[in-house]
Amino acid sequence: MSQAYVYLYLSKEVGQDKLEKLLTRVLEGENKYELSRVADEYYSLSILNGYRGLGALQSSFSAASEDINFTFKGIVVPTLNERFIQYLKYVRKSSLVYLFQVAMTHQEIYEENVDLLDFIDEYTLMTVKAYIEASNSPSLASYRLFVHRNTVTYRIDRFIQESGFDLKYFSTAIFVYFLIIAKYNGQDFML
């Protein structure tokens, strides 16, 4: 099962102990997590059972904001990379949003992060784009690309392993899709 990743900002009056107590209540049971302090008021959160645990966190986030009188906000990111912390500045207080949602109004996010794809070859990126456009169907992507289905599966698996972006989640797939578009400045790069 894949992990979900969140960067959190909490005002100074909240310590890591209070945050751990809140997360333990919200993510009780099967929802295991790893919390790390990244900087003074910033934390990284890995929810080990993925988007199931993220759902519990999201549903509790707004309710907790009404009960707690401190500032906190979060951004769900496709992979833990501290470069994404800077985008918390665009998130409203007491909100938990996906990186692709923030990037909808701040297109420069894609341009600033296009280097995340620099080590991925063009054939693989073309395959990833077709795969996402085909609703994550290797069969449909293979028809479009005129390659064997196993070729698509191999390239997708390699992309996930090399990049850390798990494409089975919509939020990650949509971020990667527009990252690929930004890399090629909107030009069609089908070979």
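Any idea of the accessible area per residue across the chain, 1.4 Å probe, to the nearest Å²? Before the final figure, lay out each step's value.
Numbers: 10040 Å² over 191 residues.
Here the residues of the chain average 53 Å² of exposed surface.
With the full set of protein chains in place, find how many percent of the accessible area of the chain is carbon and sulfur; take the probe as 1.4 Å. Please list the in-between numbers first.
On the way: 4840 of 10040 Å².
C and S atoms contribute 48 percent here.
With a 1.4 Å probe and all protein chains kept in place, how do ARG83, ARG155 rank by accessible area, largest first? Working shown, then result.
Working: ARG83 70, ARG155 45 Å².
Largest to smallest exposure gives the sequence ARG83, ARG155.
For LYS21 and GLU82, what is the calculated FRET efficiency with R₀ set at 25 Å and r taken between the beta-carbons, to the nearest 0.05? Intermediate values should be presented prior to the final figure.
Values: r = 25 Å, r/R0 = 1.00.
Step by step, r from the Cβ atoms, then E = 0.50.
Please report, in debye to the nearest 20, how large the charge dipole of the chain is about its Cα centre when each Lys and Arg carries +1 at its beta carbon and each Asp and Glu carries -1 there.
That gives the chain a dipole magnitude of about 400 debye.
Please give the solvent-accessible surface of TYR5 in Å², to the nearest 10, using a probe radius of 1.4 Å with every protein chain present.
Here the accessible area works out near 50 Å².
Would you mind computing Rg(Cα) / (2.2 N^0.38 Å) for the chain, counting N as its residues?
Details: Rg = 18.0 Å, N = 191, 2.2 N^0.38 = 16.2 Å.
Taking the Cα Rg and dividing by 2.2 N^0.38 Å, one obtains 1.11.
Solvent-accessible area of HIS148, probe 1.4 Å, all protein chains present, reported in Å² to the nearest ten, please.
120
Using only the heavy atoms of the protein chains and a 1.4 Å probe, how would GLU34, GLU41 rank by accessible area, largest first?
Working: GLU34 105, GLU41 35 Å².
Solvent-accessible surface, decreasing: GLU34, GLU41.
Non-local amide H neighbours of GLY50 (under 5 Å, H modeled in plane, Pro and chain starts lacking H): which ones?
It is ALA4, by chain and number.
Find which of PHE146, PHE159, LEU88 sits farthest along the positive direction of the dipole of the chain, computed with +1 on the beta-carbon of Lys and Arg, -1 on that of Asp and Glu, about the Cα centre.
The Cα lying farthest towards the positive end belongs to PHE146.
Work through the residues other than ASP118 whose Cβ is under 15 Å from its Cβ and net out their charges, Lys, Arg +1 and Asp, Glu -1.
Working: positive: ARG83, LYS183; negative: GLU111, GLU112, ASP115, ASP121, GLU122, GLU162.
Once positives and negatives cancel, what remains is -4.
I'd like the distance separating the alpha-carbon centroids of region 139-190 and region 88-106, in whole Å.
24
Please list, in order along region 138-147, the HN-Hα scalar couplings obtained from phi with the Karplus expression 6.51 cos²θ - 1.76 cosθ + 1.60 (θ = phi - 60°), rounded to whole Hz, x for Gly and Pro.
After applying 6.51 cos²θ - 1.76 cosθ + 1.60, I find x, 5, 5, 5, 5, 4, 5, 8, 6, 10 Hz.
Cα axis of helix 122-133 to longest principal axis of the chain: angle in degrees, 0 to 90, nearest 10?
With rounding to tens, the tilt is 70 degrees.
Quote the accessible area belonging to ARG149 in square angstrom, nearest 10, computed with a 1.4 Å probe and with ligands, DNA and RNA left uncounted.
That residue has around 110 Å² of solvent-accessible surface.
Taking the Cα centre of region 104-191 as the origin and placing charges on Cβ (Lys, Arg +1; Asp, Glu -1), which of SER135, TYR169, TYR110 is farthest toward the positive end of the dipole?
Comparing the listed Cα positions along the dipole, SER135 ranks first.
Take PHE146, PHE72, PHE100 and sort them by solvent-accessible surface of the protein heavy atoms, 1.4 Å probe, largest at the top. Each step should come with its number before you reach the end.
On the way: PHE146 190, PHE72 10, PHE100 35 Å².
Descending accessible area places them as PHE146, PHE100, PHE72.
Kindly express, to the nearest 10 degrees and within the range 0 to 90, the angle between helix 51-67's C-alpha long axis and the longest C-alpha principal axis of the chain.
Once rounded, one gets 40 degrees.
The values are calculated or read from the model by the stated rules, or taken from the named source; none is laboratory data. Just so it is clear, the model here is predicted, and its values are computed rather than measured. Positions of Cβ are backbone-derived with ideal geometry, glycine not excepted, and every protein chain shown enters the neighbour counts. Just so you know, the surface numbers come from the protein's heavy atoms only, side chains and all, with ligands and any DNA or RNA stripped out. Shrake-Rupley method; radii C 1.70, N 1.55, O 1.52, S 1.80 Å.
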